[in-house]
Amino acid sequence: MYAKVESNAVTQYPYGLGHLKRDNPNTSFPIDILSTADRSSYNVVEVAAVERPDDRNDIVTEGTPTLISGVWTQNWISTPKTDDQKNDDVIKARKDL
């Protein structure tokens with residue numbers, strides 16, 4: 001997973017080879033450019049994966065990566081489910097039986 005970072009802020013995430021080529025149309029890139037140190041000259045950083053939290057009681061969405069101890073890290077946002085959403089989960093689970 002990669003992100004484009006400018007002025008120490010994520011400007012695009014996720015960011016891939018297609019994005020890099022679009023942003024630099026007059027540049028030819030090797031297919032492995034994102035896995036090499038050369039990506040830093042294009043403001044592309046690797047984002048460390050973090051396990052997705054349990055979503056039984058929360059709605060979990062992926063947020064913008066954050067810089068933690070010098071490492072850009074995947075960020076998960078958990079919002080508690082409402083009682084109606086929890087009831088919907090129970091109904092769905094019963095239907096799946």
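With the structure loaded, tell me whether ARG94 is of a type outside the set (S, T, N, Q), part of a helix (DSSP H, G or I), more than 14 Å from the chain's Cα centre (by Cα) and surrounded by 14 or more Cβ atoms within 10 Å (Cβ to Cβ) or whether it fails that test. Criteria not met by ARG94.
Scanning the stretch 57-97 for residues that are modelled with pLDDT under 95 and either touching a helix residue (DSSP H, G or I) at 6+ places or on another chain (Cβ under 6 Å) or aromatic (Phe, Trp, Tyr) (or both) turns up nothing. If you go through the stretch 67-78 and pick out every residue that is open to solvent by less than 70 Å² (accessible area, probe 1.4 Å) and either part of a helix (DSSP H, G or I) or farther than 16 Å from VAL44 by Cα (or both), you end up with 3. Of all the residues in the stretch 46-59, those that are over 12 Å from the mean Cα position of the chain (by Cα) and either in a helix (DSSP H, G or I) or surrounded by 15 or more Cβ atoms within 10 Å (Cβ to Cβ) (or both) number 1.
State the number of residues belonging to the stretch 3-34 that are without any contact (Cβ under 8 Å) to a residue 40 or more places away in the chain, polar (S, T, N, Q) and touching a strand residue (DSSP E or B) at 6+ places or on another chain (Cβ under 8 Å). Looking only at that region, the number is 2. Within 26 Å of ASN24 (Cβ to Cβ) and of a type in the set (Lys, Arg): is that true of ARG56 in this structure? The answer is no for ARG56.
Looking at the stretch 35-45 only, could you name the residues that are touching a residue at least 12 places away in the same chain (Cβ under 8 Å) and either touching a strand residue (DSSP E or B) at 6+ places or on another chain (Cβ under 6 Å) or assigned to a loop (DSSP other than H, G, I, E, B) (or both)? Step through it out loud before you land on a result.
Our first condition is that a residue be touching a residue at least 12 places away in the same chain (Cβ under 8 Å); within the stretch 35-45, this holds for 39, 42-45.
Once the filter is applied, which keeps residues that are touching a residue at least 12 places away in the same chain (Cβ under 8 Å) and either touching a strand residue (DSSP E or B) at 6+ places or on another chain (Cβ under 6 Å) or assigned to a loop (DSSP other than H, G, I, E, B) (or both), the stretch 35-45 yields ASN43, VAL44, VAL45.
The values are calculated or read from the model by the stated rules, or taken from the named source; none is laboratory data. Since we're looking at a predicted model, the values are computed, not measured. Positions of Cβ are generated from backbone atoms using ideal geometry, with glycine treated the same way; all protein chains shown enter the neighbour counts. To get the accessible areas, we keep the full protein, side chains included, count just its heavy atoms, and leave off ligands, DNA and RNA. Shrake-Rupley method; radii C 1.70, N 1.55, O 1.52, S 1.80 Å.
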